[in-house]
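Structure first, commentary second.
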Amino acid sequence: MQMLGAAAMSLLGSLVNLDGPGRYVHWGFIQISVANLVVIGLMLLVFVAAILIPFRRHRGDDQ
Amino acid sequence: MTIDTTPDKTAPDSVAADRPEDADQWTAKLRHAAVEALPPERLLPDRQPAYVASWIYVFGVLTLAALAVVILTGVVLAIFGPSWWHESSTGLFVNSLHLWSVEVFFFSMVVHLWGKFFMAAWRGRRRATWITGVVAFVISVGAAFTGYLAQQNFDSQWISTQAKDGINATGAGAIFNVTNFGQMLMWHIMLLPLVVVLLVGLHVLLVRRRGVVPPFAIPLESAAGVEPAGPPRTTPNQEQS
């Protein structure tokens, strides 16, 4: 079980190399880390998905 | 065997009941005002209006759930202390839970904020609901900031030395010293969480009082919370807000 956990952590760690300085995006006077940009992108994605994906309704509910 | 069903005059219920001669007491006035503002069926309703059947209404309660985990893990960290959360594997795990629940808290709160902003959720006498949410958001940023300062690592040193110039430029550095670890820890584990929890509690009570804001297509005057009758409450309550 511990071997599996270590393997999973190693796999996750290999996806993003955190052993080094963070990467930043520069756009004029705007400077933002790639990590923060990814989180903002994910929030936008979830926001759009929350509006578009239909919500499961219970049988017998009136509209 | 017979059971005596006559009321016990010495029981607390019989002295706490409404009596005309007690109507002027502050306890009676406060009780009546509280029940009038938030009757039990509105405080804990069984059903919600049909229009809340959308994923966008889920993010309020998701934020609340994340806040509960933040508080719970924070209490555990406070019980066992810094050596435990830095050195033991369980402590590191709870410390990580504390951090990631904060990430979920802010993530879902921002999606909740966007949803309510584009619904103009302050409509229908819901200004106080909106404002308590906004202030809770701002105070939460301060709570998270002091949390990053209390990490006791190079990251917190970097953040505090960068932040001190900004804070000092506002003049607030005289009473809010970001390089003072003890002060930042006290703000993080006592003052700011207390304010956040009180504001969030007030925010939820206001949501219950005024009801969930309806979409633009539904007239405000027929929406939940504005009129006692409200629209047909047809969706079983899944604690959305």
task = Go through B:Val58, B:Val70, B:Val104, B:Val76 for me and flag whichever is more than 25 Å from A:Ala6 (Cα to Cα) and within 14 Å of chain A (Cβ to nearest Cβ).
result = B:Val58
task = Check B:Lys29 against each of (1) modelled with pLDDT of 90 or more; (2) charged (D, E, K, R); (3) within 18 Å of B:Val207 (Cβ to Cβ) and name the one condition it does not meet.
result = (3)
message = If the requirement is being crowded, with 16+ Cβ neighbours inside 10 Å, within 26 Å of B:Gly182 (Cβ to Cβ) and either of a type in the set (Val, Ile, Thr) or more than 13 Å from chain A (Cβ to nearest Cβ) (or both), which of these qualifies: B:Trp84, B:Trp130, B:Trp122?
response = B:Trp84
ask   = Would the range B:213-222 turn up any residue that is at pLDDT below 95, in contact with a Ser or Thr (Cβ under 7 Å, 6 or more places away or on another chain) and outside the structural domain of B:Leu64 (by TED's automatic domain parsing)?
value = no
task = Among the numbered conditions (1) within 14 Å of another protein chain (Cβ to nearest Cβ); (2) of a type outside the set (A, V, I, L, M, F, W, C); (3) surrounded by fewer than 16 Cβ atoms within 10 Å (Cβ to Cβ), tell me where B:Tyr51 comes up short.
result = (3)
key: Pick from the range B:1-26, criterion in a loop (DSSP other than H, G, I, E, B), acidic (Asp, Glu) and under 33 Å from the mean Cα position of the chain (by Cα), ranking: modelled with the lowest pLDDT   = B:Asp18
Matching residues in the range B:87-113 - criterion: being surrounded by 16 or more Cβ atoms within 10 Å (Cβ to Cβ) and either over 19 Å from the mean Cα position of the chain (by Cα) or among the small types (Gly, Ala, Ser) (or both) = B:Gly91, B:Val94, B:Asn95, B:Leu97, B:Ser101, B:Ser108
ask   = Being more than 30 Å from B:Ile218 (Cα to Cα), among the β-branched types (Val, Ile, Thr) and at pLDDT 85 or above, is that true of even one residue in the range B:44-59?
value = no
query = Pick from A:Val34, A:Val25, A:Val38: which is modelled with pLDDT of 75 or more and within 13 Å of another protein chain (Cβ to nearest Cβ)?
reply = A:Val38
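The values are calculated or read from the model by the stated rules, or taken from the named source; none is laboratory data. Computed from a predicted model, the values in this text were never measured in an experiment. Glycine gets a Cβ as well: all are built from the backbone with ideal geometry, and neighbour counts include every protein chain shown.
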